[in-house]
């Protein structure tokens, strides 16, 4: 296969319809994953097990929101509209986040009787950071130079995010019986949604053939999860089936619309407001 | 005034623009100023963001614009953030490292992310320290405790 030339500017990307379509699709997936999962993280503020965790988790969610913003800015350069608008003003069906990112933290809401599940949160954030590492490593080899540059920078920051959740995984597995039981339950629930994370949606072939991403994420992700299962004494992932409702094609679980409405409440009152 | 004169006045002014989150440390100390171009009275400043999502970037841009607008000879100011080169912790200048210590923040031991690193306590210089939290009050800082002088302190996280 001959190497396709690098695309160095937004104008060049817009001149090639197929490449542009594939690039926009991937950017929405990555930005929406970060934004929506960061919002789920932010709902834990003040509710996590200890104060140092509050500092760490909120710092990570701030970084993730910043990563989402940088990706929305790439979309803005590509003619998709203003970054804030992309984050807060789209219909739920325009979001491309994986269904795993939007799942509630547990019962209740942070405003009313939160009965959140810390084991599920640890496993979900950990598994997300695993795929995010793989996705960023692939993005560094993207034909779209602005994305490759951004991904290289993000990787240095994301190192600490993955490391943080690895520490929790180590601490909560292989200890007490109750912890192992709860972590195994959480792991099983997260694994059922995991294929949504490595899926590149209905446009996957175009994303790969146009060189927006150089390789598929599914195989390395499955390998990473198998290694995790071995390290933490958790069940190996066996069946690998993309959930019917997975988010990548714009079809979402019932949890997403009310979440977006709440997130965007203030922005929608005064879109021109400065923060 | 020649362009070279204006260039040096602009550089001196940039050295007075402080990090909004670490007072006492300028954008020059942080190694954020990549390029300054002077064309007549038009000044173009290219900055490298420390963190992708650093919430202080907007403030920094506004502070640079305000400070440079007050430099005699400057007619317009454009501030841009670059994606390349990457900001890494070894861009902090020697003076920046001293200034960090002066406000109780340990300068980075090197660059590139790592699970374990040992900063020197900014108060007593000891390396008998332990980490309380990889994360701290801002994206770029961690929290440590000095077992020698028994002071908590912050440290710049290596990236």
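For region A:35-52: of the residues being in a helix (DSSP H, G or I) and in contact (Cβ under 8 Å) with a residue 40 or more places away in the chain, which is surrounded by the fewest Cβ atoms within 10 Å (Cβ to Cβ)? Steps first, please.
First, the residues of region A:35-52 that are in a helix (DSSP H, G or I): A:35-42, A:51-52.
Among the residues that remain, those that are also in contact (Cβ under 8 Å) with a residue 40 or more places away in the chain are: A:35-37, A:39-41.
Working: A:35: 24, A:36: 29, A:37: 25, A:39: 19, A:40: 23, A:41: 22.
Restricting to residues being in a helix (DSSP H, G or I) and in contact (Cβ under 8 Å) with a residue 40 or more places away in the chain, the top hit is A:39.
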Assess whether residue B:25 counts as being in contact with a strand residue (DSSP E or B) (Cβ under 7 Å, 6 or more places away or on another chain) and in a loop (DSSP other than H, G, I, E, B).
no
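Quick check, is residue B:56 surrounded by fewer than 19 Cβ atoms within 10 Å (Cβ to Cβ), within 14 Å of chain A (Cβ to nearest Cβ) and more than 18 Å from residue B:158 (Cβ to Cβ)?
yes
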Answer with yes or no whether residue B:66 is part of a loop (DSSP other than H, G, I, E, B), more than 14 Å from every other protein chain (Cβ to nearest Cβ) and surrounded by fewer than 14 Cβ atoms within 10 Å (Cβ to Cβ).
no
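Kindly indicate the residue of region B:90-115 that is under 17 Å from residue B:151 (Cα atoms) and without any contact (Cβ under 8 Å) to a residue 60 or more places away in the chain and also farthest from the other protein chains (Cβ to nearest Cβ) among those meeting that condition.
Going residue by residue through region B:90-115, those that are under 17 Å from residue B:151 (Cα atoms) are B:100-107.
Restricting the remaining residues to those that are without any contact (Cβ under 8 Å) to a residue 60 or more places away in the chain gives B:101, B:104, B:106-107.
Working: B:101: 22, B:104: 17, B:106: 17, B:107: 17 Å.
Among those residues, the one meeting the criterion is B:101.
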Please work out which residue is surrounded by the fewest Cβ atoms within 10 Å (Cβ to Cβ), limiting yourself to region B:116-138 and to residues that are in a loop (DSSP other than H, G, I, E, B), in contact with a helix residue (DSSP H, G or I) (Cβ under 6 Å, 6 or more places away or on another chain) and within 14 Å of another protein chain (Cβ to nearest Cβ).
B:134
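Consider residue A:55 carefully, then state whether it is in contact (Cβ under 8 Å) with a residue 24 or more places away in the chain, within 14 Å of chain B (Cβ to nearest Cβ) and over 20 Å from the mean Cα position of the chain (by Cα).
Details: in contact (Cβ under 8 Å) with a residue 24 or more places away in the chain: no; within 14 Å of chain B (Cβ to nearest Cβ): yes; over 20 Å from the mean Cα position of the chain (by Cα): yes.
Spelling it out, it is not the case that residue A:55 is in contact (Cβ under 8 Å) with a residue 24 or more places away in the chain, within 14 Å of chain B (Cβ to nearest Cβ) and over 20 Å from the mean Cα position of the chain (by Cα).
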What helices (runs of 4 or more DSSP H), lying completely within region A:160-267, carry at least 1 residues that are more than 21 Å from the chain's Cα centre (by Cα) and within 24 Å of residue A:18 (Cα to Cα)?
A:204-209
Out of region B:139-159, which residues are within 14 Å of chain A (Cβ to nearest Cβ) and in contact (Cβ under 8 Å) with a residue 40 or more places away in the chain?
B:139, B:140, B:154, B:155, B:156, B:157, B:158, B:159
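Do you know which residues across region A:80-120 are assigned to a strand (DSSP E or B) and touching a residue at least 12 places away in the same chain (Cβ under 8 Å)?
Of region A:80-120, the ones assigned to a strand (DSSP E or B) are A:106-109, A:112-116.
Of everything in region A:80-120, those that are assigned to a strand (DSSP E or B) and touching a residue at least 12 places away in the same chain (Cβ under 8 Å) turn out to be A:106, A:109, A:114, A:116.
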On the basis of being away from chain B (no Cβ under 14 Å) and assigned to a loop (DSSP other than H, G, I, E, B), does residue A:142 make the cut?
no
Test set (1) farther than 25 Å from residue A:63 by Cβ; (2) crowded, with 22+ Cβ neighbours inside 10 Å - residue A:212 fails condition number
(1)
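Checking the conditions here, which among A:187, A:118, A:165 is surrounded by 18 or more Cβ atoms within 10 Å (Cβ to Cβ) and within 14 Å of another protein chain (Cβ to nearest Cβ)? Walk me through it before giving the result.
On the way: A:187 fails: within 14 Å of another protein chain (Cβ to nearest Cβ); A:118 fails: within 14 Å of another protein chain (Cβ to nearest Cβ).
It is A:165.
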What's the number of the condition residue A:77 fails, among (1) within 15 Å of the chain's Cα centre (by Cα); (2) within 14 Å of chain B (Cβ to nearest Cβ); (3) within 17 Å of residue A:23 (Cβ to Cβ); (4) touching a residue at least 40 places away in the same chain (Cβ under 8 Å)?
(1)
Among (1) at pLDDT below 95; (2) away from chain A (no Cβ under 12 Å); (3) crowded, with 17+ Cβ neighbours inside 10 Å; (4) over 19 Å from residue B:19 (Cα atoms), the one test that residue B:83 misses
(2)
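The values are calculated or read from the model by the stated rules, or taken from the named source; none is laboratory data. Predicted model, so just to flag it, every value in this text is computed and none were measured. Quick reminder, even Gly has a Cβ in these numbers, built from the backbone with ideal geometry, and neighbours come from all protein chains shown.
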